[in-house]
Amino acid sequence: MSKYGSDPYATIGLTENPFVVQALRADEQGRRLLVGRDDEIMEVARRLHKKGKITCLDGHVGVGKTSLVNVAAFECFRDYFAGETSQLLIPSVVSFQLKPRGDVDEFCYEVFRGVAQTLLSHQEYLKDRDPEKSQLPHIHAWLNAPLIEQLSAASRIDPNGGVATMGLASDANSVSASRQINQSAGFERSGFEVAVRNTLDRIFTAGNEGGVVCVIDNIELLESGDAARKTLEALRDKLFNVNGLRWVFCGANGVIHSLAASPRLTAFLSSPIINVENVKSASIIPLIRARLAEFSTDPHKVEEELPIDLEDLESLYRIVNTNLRDLLGLADDFCESCARSGKPIRIRSKKHDKYIEWLAKETSDRYDALSSRISQNAWAVLDIAMSKIFRGTFGTADYTSFNQNSTIKIERSTFLKWLRELLKLELISKDLNEDLSDSDADGLSRDVFSVTAKGALVYYARRKRRENYSVAPDQDWMQRVHY
């Protein structure tokens with residue numbers, strides 16, 4: 001092994017990291033790897049076919065909303081060429097993300113540029129819909145810059161292959177980069193937008209409905225429900241009425257539900273909002289096996305040589321409060337640590353022992369780093385939130401239940417104070433509705449909170465040390481996890 005370490009996956013015959021944390025692509029591979037989501041794929045695909053309505057998904061960070069939309073959009077694209085639908089829906093080759101205090105016109109420009117890239121990438125599939133292609137040469141000339149050429153090279157699509165999703169709008173340098181593109185071409189943005197709109201009108205006529213599926217992702221990053229509403233309201237007339245575009249909103253922490261309160265957006269949103277739940281624990285082993293089969297010619301052998309046992313992965317998934325993104329990240333960390341240690345372990349019992357040893361250190365280190373930064377009794381909130389009563393999700397309106405099931409007296413004022421402490425340390429997350437200071441007639445707000453994977457790992461360490469003394473003993477939710 002070199003001083004830089006070896007690839008823990010290549011050494012056991014994997015061509016790619018099976019625990020890579022990124023959205024699945026809109027292609028056949030993405031479809032094979034999206035396990036346990038068949039019903040959700042069908043529902044999202046059904047919504048995408050609704051002209052004039054924005055498909056809305058809300059769910060915890062890391063639950064897999066983007067992967068779900070990408071695969072559903074690809075299913076719609078493939079169904080058109082299979083003759084199962086008359087609507088041609090094309091996954092955008094660019095993903096879009098709004099920025100706090102971002103410029104609305106700049107975002108619109110990013111969208112039309114991404115749509116143009118998508119249309120150019122599909123020219124051979126659009127020839128029957130746009131035989132004249134009168135605007136495509138102008139669009140191509142405008143996009144013919146080094147940066148765009150590099151992006152376009154990765155955006156080829158095939159009904160039997162797929163499309164590569166690129167985070168152009170989420171790139172921190174995208175705004176500055178876009179300003180450098182083709183400034184000498186003399187093609188002003190307004191003319192470029194008109195050309196794209198005209199092309200969309202010819203391709204997606206009344207008799208040939210469909211559109212480019214555009215996703216606005218991570219809307220919760222706008223920091224509050226009010227900010228999200230204002231930003232999207234400003235975009236309503238600029239983007240959401242454009243013929244040939246089908247929109248999807250994805251967000252976490254309840255931000256998508258807050259959009260329904262906007263009179264300017266309600267009529268545009270497809271209801272009810274799709275609440276994307278965490279993948280069921282029973283799907284974790286099939287999910288990992290699908291990845292092993294995808295990246296290996298001998299998945300059975302790879303499973304035997306993988307540093308972590310699949311049943312331990314399923315257990316770890318429950319420990320991190322069923323957060324898939326955090327599960328994959330931690331599994332990768334564990335495999336990397338095993339690679340650094342030298343000799344591989346193939347005996348199942350020894351794999352389990354090494355995993356338990358690693359998990360104890362990983363969670364204890366996190367807990368020790370935080371224990372002095374939070375009031376001792378504030379842990380009562382985390383302990384009860386992780387009990388069987390709430391299973392990781394609760395609201396400030398649950399104060400009475402917290403008090404009744406705690407061995408520590410919880411006053412209303414301290415309850416709110418402790419919530420703020422847990423929020424500050426990112427042990428819990430809050431739905432993006434109102435601030436904690438906004439209270440109802442009983443003196444408590446109606447906010448909803450969820451224990452994060454970080455909070456769940458810290459709770460595990462407390463549970464192992466038997467320090468979760470503040471919760472009634474018969475309410476221990478984590479007793480189902482094997483220690």
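The values are calculated or read from the model by the stated rules, or taken from the named source; none is laboratory data. Here the structure is a predicted model, which is why all the values come from computation and not from measurement. Cβ coordinates were reconstructed from backbone atoms using ideal geometry, including for glycine residues, and neighbour counts include every protein chain displayed.
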Item to check | Top-ranked residue in region 297-314 [being out of contact with any Phe, Trp or Tyr (no Cβ under 9 Å at 6 or more places or on another chain) and in contact (Cβ under 8 Å) with a residue 60 or more places away in the chain; ranked as surrounded by the most Cβ atoms within 10 Å (Cβ to Cβ)] | outcome: 305
Checklist entry - Restricting the first residue to region 114-142 and requiring it to be modelled with pLDDT under 70, which pairs with a second residue that is aromatic (Phe, Trp, Tyr) and surrounded by fewer than 21 Cβ atoms within 10 Å (Cβ to Cβ) meet a Cβ separation below 7 Å and a spacing of at least six or different chains? => result 142/187
Checklist entry - Quick check, is residue 357 among the charged types (D, E, K, R) and in contact with a helix residue (DSSP H, G or I) (Cβ under 6 Å, 6 or more places away or on another chain)? => result no
Checklist outcome for this item: Checking 464, 417, 454, 430 in turn, the sole residue that is farther than 29 Å from residue 317 by Cβ, among the charged types (D, E, K, R) and at pLDDT 70 or above turns out to be 417
Checklist entry - residue 288: touching a Phe, Trp or Tyr at 6+ places or on another chain (Cβ under 6 Å), farther than 24 Å from residue 466 by Cβ, surrounded by 17 or more Cβ atoms within 10 Å (Cβ to Cβ) and in contact (Cβ under 8 Å) with a residue 12 or more places away in the chain, yes or no? => result no
Checklist entry - Can you tell me which residues in region 404-413 are among the β-branched types (Val, Ile, Thr) and buried (at least 17 other Cβ atoms within 10 Å of the Cβ)? => result 408, 410
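Quick check on this structure: which one of 46, 113 is buried (at least 17 other Cβ atoms within 10 Å of the Cβ), of a type in the set (D, E, K, R) and either touching a strand residue (DSSP E or B) at 6+ places or on another chain (Cβ under 9 Å) or not in a loop (DSSP other than H, G, I, E, B) (or both)?
After applying the criteria, what remains is 113.
For every residue, the table says whether it meets (1) modelled with pLDDT of 90 or more; (2) small (Gly, Ala, Ser); (3) in the same structural domain as residue 88 (by TED's automatic domain parsing).
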site	(1), (2), (3)
198	no, no, yes
206	no, yes, yes
209	no, no, yes
216	yes, no, yes
225	no, yes, yes
228	no, yes, yes
247	yes, no, yes
250	yes, no, yes
Checklist entry - Is there a residue in region 295-302 that is within 20 Å of residue 457 (Cβ to Cβ) and not aromatic (Phe, Trp, Tyr)? => result no
Checklist entry - Name the residues in region 58-84 that are touching a strand residue (DSSP E or B) at 6+ places or on another chain (Cβ under 8 Å) and under 20 Å from residue 453 (Cβ atoms), would you? => result 58, 59, 60, 61, 65, 66, 68
Next on the checklist: Condition check: surrounded by 18 or more Cβ atoms within 10 Å (Cβ to Cβ), closer than 18 Å to residue 105 by Cα and not small (Gly, Ala, Ser). Does residue 216 satisfy that?
Outcome noted: yes
Item to check | Given (1) within 20 Å of residue 462 (Cα to Cα); (2) surrounded by 15 or more Cβ atoms within 10 Å (Cβ to Cβ); (3) under 30 Å from the mean Cα position of the chain (by Cα), index of the condition residue 398 fails | outcome: (1)
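For region 251-280, how many residues meet the condition of being among the hydroxyl-bearing types (Ser, Thr, Tyr) and out of contact with any helix residue (DSSP H, G or I) (no Cβ under 6 Å at 6 or more places or on another chain)?
Result for region 251-280: 2.
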Next on the checklist: residue 55 - would you say it is of a type outside the set (Gly, Ala, Ser), under 22 Å from residue 266 (Cα atoms) and touching a residue at least 60 places away in the same chain (Cβ under 8 Å)?
Outcome noted: yes
Item to check | Enumeration of residues in region 280-307 that are within 20 Å of the chain's Cα centre (by Cα) and either assigned by TED's automatic domain parsing to the domain that holds residue 62 or hydroxyl-bearing (Ser, Thr, Tyr) (or both) | outcome: 281, 283
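Of all residues in region 93-102, which are assigned to a loop (DSSP other than H, G, I, E, B) and touching a residue at least 12 places away in the same chain (Cβ under 8 Å)?
Within region 93-102, 93, 95, 98, 99, 100, 102 meet the criteria.
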Checklist entry - What pairs can you find where one residue is in region 254-280 and under 15 Å from residue 46 (Cα atoms), the other is surrounded by fewer than 14 Cβ atoms within 10 Å (Cβ to Cβ), and their Cβ atoms are less than 6 Å apart, with a gap of 6+ or different chains? => result 270/50
